[in-house]
Amino acid sequence: MSVAQGTVLSGLGVGLNSAVGEVHIVKPQAPLPEWTKSSKSVDEERSALKVAIANVSENLDALGVRAGGTSAEIFEALKFLLEDEELFEVAEGNLDDGWTAGAAYGMAVNTFAEILGGDPDFDERVKDLQDLSRRVQADLAGIEMALTLPEIGRYVLVGDDFSPADTAQFTKAVVGVITLKGGPTSHTAIICRSRSIPAVVSCGAAADLENGDTVLVDPVGDRVVFGGDETLATKAIEFVALNAEPVIPVRANIGTLADAEGATAETKAEGVGLFRTELLYLSANTAPSIDDQVASYSAILAAAPAGPIVVRTIDAGSDKPVPFLNMPHEENPSLGVRGYRLIQDHREFIEDQLKSLELARVATGREVWVMAPMIATVGEAKAFADLARSIGGYKVGVMVETPSIAAMIEQLEGVVDFVSVGTNDLSQYLFAADRMNPSLGALLNHWQPGLIRTLARIADGGKKAGISVGVCGESASDPAFAVVLAGLGITSVSVSKSQVTVVRNALSSLDLGACKEIANKVLAATSPEAAKAAALDALSQL
Ligand code: PEP
Ligand code: MG
């Protein structure tokens, strides 16, 4: 045994429940064959490659169906990468040079990885591509790529990080997950949260664990306890709703019609605080017509929970490529032409979107607010507001995702009706920490005092300017953090469907004065650990 009983391994927790289980280390897959020249014809190798890509694609479909929900969207995006025509053309060039199908595809992916590599924004995408490359090569070599996981028992999986394809293969025996790398926005974190599997990510010390060790996965305590039992688990505060309504409205984040329907059927969300329109178009090769857009937006608006619906114009770019926009390769896509900046080359699409939203608003009679993502200056906010007001009768706002606009909220008085803070990107840009980089999870922790103080300033600026300030980033999904947000003066939160009830309960369990007291205690902290501890401590004394 390399770790002493009771040893605490720190990381970042995902979820509110704990689990005890036996460590099951997930090792890298069986080695793939060496890359060699082929003795077969180019045509034979080409057909073999096509079959292998089709097999992997079918397998992704099956995994998507099995995983469902958020994970299904991730598999759709992976299929898009796998079936990329340019990638196939590069592989065909390698086939013409006499390489086997597996070698040709592997080399083509390496060529792409080299082009994208060195750019941290594409790290996650390059990892996905390499995972697909291994799957295609394994299919060609007849190697089984499925994880071999126990079907019965209680196991805690330990690995560097898990790909979406890995997570879809988790059996019922997987009661917890620990990753050495990976941050709060990694695939593993998102999927574990949506499947309610307790996880601790960014837990480097877990490298010392061995198969057969017993561990307690304690996400609320941001830790793993070696040999620990459930009695040691940090209890999530059980918020009991004392008031009929939360201190500030809790809205739902949606991307699809199914999300809108689910939010209405399963939650008491007060409208929608973020409709991510780009999620409708992640695999569209041609731009949707105005008629198409009106039809899909109308269906979604009609199905959304009662209350205002905040629709964001397309936020393509960086980690969300939209094929029909043909966005050029950029050295630093997260610092590049993304979000509202697309107005430079795609003004027509943004205008069409605003026209379609106006037609859908009138057709459904719903209260629609529109906002633009990735706004950096008051000038951009004004340009968007003028454009939107010239087209429709909706409320107009902007997202606060850059430190530059966060510093100018007061100056938005009379320019916009509202702002909505995207803490995912705001953290990325405040801390200069790529949100997709698995090694930087600790900087993206929403309890970072630098983020909390920035949110306090944004809320103050909004109050002075007379504009409402919502938060729609992942941070609002943490019920204790939502209480702090209300205390800072944030006027609404918007969270993923699965978190609406718990966040509503938290915000219905106390009054605004208590939220303010808690926020003041949190503002005094100078580390994320101290900030979180101050909030939990104050909440547990209520
Ligand atoms: C955010 O940045 O916090 C946000 C809500 O937008 P997205 O996650 O879609 O970039
Ligand atoms: Mg964002």
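The values are calculated or read from the model by the stated rules, or taken from the named source; none is laboratory data. Only a predicted model underlies this, so the values are computations on that prediction, with no experimental measurement involved. A quick note on method: Cβ atoms are made from the backbone with ideal geometry, for glycine too, and the neighbour counts reach across all protein chains shown. With ligands, DNA and RNA removed, areas are computed over all heavy atoms of the protein, side chains included. Shrake-Rupley method; radii C 1.70, N 1.55, O 1.52, S 1.80 Å.
List the number of the failed condition for Ala207; all other conditions in (1) in contact (Cβ under 8 Å) with a residue 60 or more places away in the chain; (2) more than 27 Å from Leu426 (Cβ to Cβ) hold.
The one condition Ala207 does not meet is (1).
Across the stretch 458-475, what is the total count of residues that are at pLDDT below 95 and either more than 13 Å from ligand 1 (Cβ to nearest atom) or surrounded by fewer than 23 Cβ atoms within 10 Å (Cβ to Cβ) (or both)? Working first, answer last.
Within the stretch 458-475, the subset at pLDDT below 95 is 473-475.
Now restrict to residues that are either more than 13 Å from ligand 1 (Cβ to nearest atom) or surrounded by fewer than 23 Cβ atoms within 10 Å (Cβ to Cβ) (or both): none.
Looking only at that region, the number is 0.
Every residue in the stretch 417-457 that is within 14 Å of Pro528 (Cβ to Cβ), more than 16 Å from ligand 2 (Cβ to nearest atom) and either open to solvent by 10 Å² or more (accessible area, probe 1.4 Å) or under 18 Å from the mean Cα position of the chain (by Cα) (or both), please.
Leu440, Gly441, Ala442, Leu443, Asn445, Trp447, Gln448, Pro449, Gly450, Arg453
Give the stretch 101-135 a look and list any residue that's of a type in the set (S, T, N, Q) and either at pLDDT 95 or above or open to solvent by 40 Å² or more (accessible area, probe 1.4 Å) (or both), or say none.
Once the filter is applied, which keeps residues that are of a type in the set (S, T, N, Q) and either at pLDDT 95 or above or open to solvent by 40 Å² or more (accessible area, probe 1.4 Å) (or both), the stretch 101-135 yields Asn110, Thr111, Gln130.
Condition first: within 15 Å of ligand 1 (Cβ to nearest atom) and open to solvent by 20 Å² or more (accessible area, probe 1.4 Å). Now tell me which residues in the stretch 394-403 satisfy that.
Correct list: Pro403 only.
(1) open to solvent by 20 Å² or more (accessible area, probe 1.4 Å); (2) at negative phi; (3) of a type outside the set (Ser, Thr, Tyr); (4) within 23 Å of the chain's Cα centre (by Cα): which one isn't true of Ala407, the others all being true?
Every condition holds for Ala407 apart from (4).
So is Val419 within 13 Å of ligand 1 (Cβ to nearest atom) and outside any helix (DSSP H, G or I) or not?
Here the answer is yes, as Val419 does meet what is asked.
Looking only at helices (runs of 4 or more DSSP H) that fall completely inside the stretch 307-406, which ones have 3 or more residues that are within 20 Å of Thr423 (Cβ to Cβ) and in the same structural domain as Val421 (by TED's automatic domain parsing)?
Those helices (runs of 4 or more DSSP H) span 403-406.
Looking at the stretch 222-233, which of its residues are of a type outside the set (Asp, Glu) and crowded, with 20+ Cβ neighbours inside 10 Å? Walk me through how you get there before you give the answer.
So the first thing to find is which residues in the stretch 222-233 are of a type outside the set (Asp, Glu), and the list is 223-228, 231-233.
Arg223, Val224, Val225, Phe226, Gly228, Ala233, listed by residue number.
Of all residues being out of contact with any Pro (no Cβ under 8 Å at 6 or more places or on another chain) and not hydrophobic (A, V, I, L, M, F, W, C) in the stretch 162-178, which is farthest from Leu81 (Cα to Cα)? Just the residue, please.
Looking at the filtered set, the residue picked out is Lys172.
Are any residues in the stretch 10-36 in contact with a Phe, Trp or Tyr (Cβ under 6 Å, 6 or more places away or on another chain) and open to solvent by 50 Å² or more (accessible area, probe 1.4 Å), and if so, which ones? Full working, then the answer.
Let us first name the residues in the stretch 10-36 that are in contact with a Phe, Trp or Tyr (Cβ under 6 Å, 6 or more places away or on another chain), namely 21-22, 24.
If the condition is that a residue be in contact with a Phe, Trp or Tyr (Cβ under 6 Å, 6 or more places away or on another chain) and open to solvent by 50 Å² or more (accessible area, probe 1.4 Å), then Glu22 is the only one that fits.
Against the definition (within 16 Å of ligand 2 (Cβ to nearest atom) and either at pLDDT 95 or above or buried (at least 18 other Cβ atoms within 10 Å of the Cβ) (or both)), how does Gly255 come out, yes or no?
yes
Quickly run through the stretch 152-183 and pick out the residues that are in a loop (DSSP other than H, G, I, E, B) and aliphatic (A, V, I, L, M).
Those that are in a loop (DSSP other than H, G, I, E, B) and aliphatic (A, V, I, L, M): Ile152, Ala173, Leu180.
Sort through Ala263, Ala236, Ala244, Ala269 and tell me the only one that's part of a loop (DSSP other than H, G, I, E, B) and surrounded by 20 or more Cβ atoms within 10 Å (Cβ to Cβ).
On the way: Ala263 fails: part of a loop (DSSP other than H, G, I, E, B); Ala236 fails: surrounded by 20 or more Cβ atoms within 10 Å (Cβ to Cβ); Ala244 fails: surrounded by 20 or more Cβ atoms within 10 Å (Cβ to Cβ).
After ruling out the rest, the residue left standing is Ala269.
Those residues that are more than 13 Å from ligand 1 (Cβ to nearest atom) and among the β-branched types (Val, Ile, Thr), I need them from the stretch 251-293; list them, please.
Thr256, Thr264, Thr267, Thr286, Ile290
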